[in-house]
Amino acid sequence: MRSRIAVLVSGRGSNLKALIDFFSRLGDTASGEIVAVLSNKADAPALDVARGAGIAAASFAPDDDGRELGDRLETARADLIVLAGYVKKIPSPLVARYARRILNIHPGLLPRHGGAGMYGARVHEAVIASGDRESGVTVHLVDDEYDRGPLIAQWRIPVRDAETAGSLAARVLRVEHVMYPRVVELVASLTRTGND
């Protein structure tokens with residue numbers, strides 16, 4: 001039985017699209033299936049990406065304390081939660097309910113340049129400002145602290161001479177699109193619960 005995956009989004013949905021395309025290519029051999037896409041922003045373009053792929057998509061109140069999101073995850077019978085450009089903290093009761101079954105991707109090499117407010121361009125700007133010679137992508141489990149959960153995988157890339165935050169962001173995003181779907185598939189193969 002495939003793991004039922006709920007993807008949480010807040011933005012454009014480029015990582016969501018990479019996940020959808022990857023699982024589509026795997027077809028019947030996939031260990032997981034994206035059954036719901038949920039957002040804290042009703043106008044998130046990622047919701048349209050999901051709907052275009054025939055996946056149930058919905059938003060919930062931006063100030064939700066976790067109850068509405070929890071109800072939607074329960075309705076979807078989610079086994080695995082995948083954060084793809086989702087910028088809101090997961091409430092502690094949901095972290096506990098889905099312990100070791102919530103994944104996040106971070107556009108840097110954690111534990112460096114992580115924490116509250118460190119996402120998107122801010123991470124790349126911090127890498128450049130610090131003079132780091134490497135950056136990359138980290139996939140980790142979500143716990144009660146921003147970007148502190150156990151690391152699952154990292155992919156390192158060099159920071160080039162004369163690199164800008166924009167050029168680094170583009171290179172990191174290409175790595176995210178290759179890496180994240182494969183890590184999600186691996187974790188999905190380990191989290192099947194036998195839901196119908």
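Remarks
- Of the numbered criteria (1) in contact with a Gly (Cβ under 8 Å, 6 or more places away or on another chain); (2) assigned to a loop (DSSP other than H, G, I, E, B); (3) aromatic (Phe, Trp, Tyr), the one TRP155 fails is (2).
One line per residue, one yes/no per condition, for (1) within 23 Å of LEU141 (Cβ to Cβ); (2) part of a loop (DSSP other than H, G, I, E, B):
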| position | (1), (2) |
| --- | --- |
| PHE23 | yes, no |
| ASP28 | no, no |
| GLU33 | yes, no |
| LEU38 | yes, no |
| ASP43 | no, yes |
| ASP63 | no, yes |
| TYR86 | yes, yes |
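- Residue match in the range 151-168 (condition: of a type in the set (Gly, Ala, Ser), modelled with pLDDT of 95 or more, surrounded by fewer than 18 Cβ atoms within 10 Å (Cβ to Cβ) and closer than 16 Å to ASN15 by Cβ): yes
- Pairs linking a residue in the range 73-99 that is over 19 Å from ILE55 (Cβ atoms) to a residue that is part of a strand (DSSP E or B) and aliphatic (A, V, I, L, M), with Cβ atoms under 7 Å and 6 or more positions apart or on different chains, are ILE90/ILE102; VAL95/ILE102; TYR98/ILE81.
- The set of residues in the range 9-48 being under 14 Å from the mean Cα position of the chain (by Cα) and within 13 Å of VAL184 (Cβ to Cβ) consists of ASN15, LEU16, ALA18, LEU19, ILE20, ILE34.
- For GLY120, the requirement of being at pLDDT below 95, surrounded by fewer than 19 Cβ atoms within 10 Å (Cβ to Cβ) and not acidic (Asp, Glu) is met.
The values are calculated or read from the model by the stated rules, or taken from the named source; none is laboratory data. These numbers come from a predicted model, not from an experiment. Positions of Cβ are generated from backbone atoms using ideal geometry, with glycine treated the same way; all protein chains shown enter the neighbour counts.
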